[in-house]
Amino acid sequence: MCETLEFADDRKMVQALKTVLVVDDVESKRYVVCRILREGKYRTLEAGSGSEAVQRARQHRPDAIVLDMNLPDQSGLVTLKQLRDAAETALIPVVFLSAEAQTPSDRTRAEALGASGYLFSPVQPDTLISVIRGIIERGVQPRT
């Protein structure tokens, strides 16, 4: 009987975990970010391209998205715009995580499209967890 109760409690805990979609075309980078997030008690999903990210976000409705700026099929900015234009994904918080320095105009465009944050890789695990926690708690304000 205790095993069943423990299982039920574990299932409730898993259901209570917030889900983060990690989008990067480099599998090793996705692995590192997902590992950090799982250690921070988040459930993770992965996508290797912008179009896959939009599809997975629509299907799974994650609580937040970590998005690379440079993807093989389209830029992170185009991906963010597609997410914001779809009703079912418009309010999912998105934070960019990019290894390459972007221009100030890229950051300005990301903010104008509703990005919740912008981090540079490599990122400290505590910083990533703190930013994700914060954007999930704040959510995204609808654009007017």
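List of remarks:
- When the square roots of the Cα gyration tensor eigenvalues are ordered a ≥ b ≥ c, the ratio a/c for segment 36-144 is under 1.5, which makes its shape rounded.
- Once both labels are positioned 7 Å from their Cα atoms along Cα-to-Cβ, the gap between residue 51 and residue 28 label points is 2.7 nm.
- Once C-alpha pairs closer than 8 Å and six or more residues apart are averaged by separation and normalised to the residue number of segment 17-138, the relative contact order reads 24 percent.
- Loop-resident trypsin sites (Lys or Arg not before Pro) (DSSP state other than H, G, I, E or B) in segment 17-96 with no more than 12 further Cβ atoms inside 10 Å of their Cβ: 41.
- If you plug the beta carbon distance of residue 109 and residue 137 into 1/(1 + (r/R0)^6) with R0 = 25 Å, you get a FRET efficiency near 0.50.
- Couplings for segment 77-93, taken from phi via the Karplus curve 6.51 cos²θ - 1.76 cosθ + 1.60 with θ = phi - 60°, read 5, 5, 4, 4, 4, 5, 5, 6, 7, 9, 4, 6, 10, 4, 9, 7, x Hz in order; Gly and Pro are left as x.
- Inter-label distance, nm, simple model (7 Å from Cα along the C-beta direction), residue 91/residue 75: 2.9 nm
Rule-based calculations on the coordinates, nothing more; no lab input. For clarity, every value in this text was computed on a predicted model and none was experimentally measured. Backbone-built Cβ (ideal geometry, glycine too); neighbour counts: all protein chains shown.
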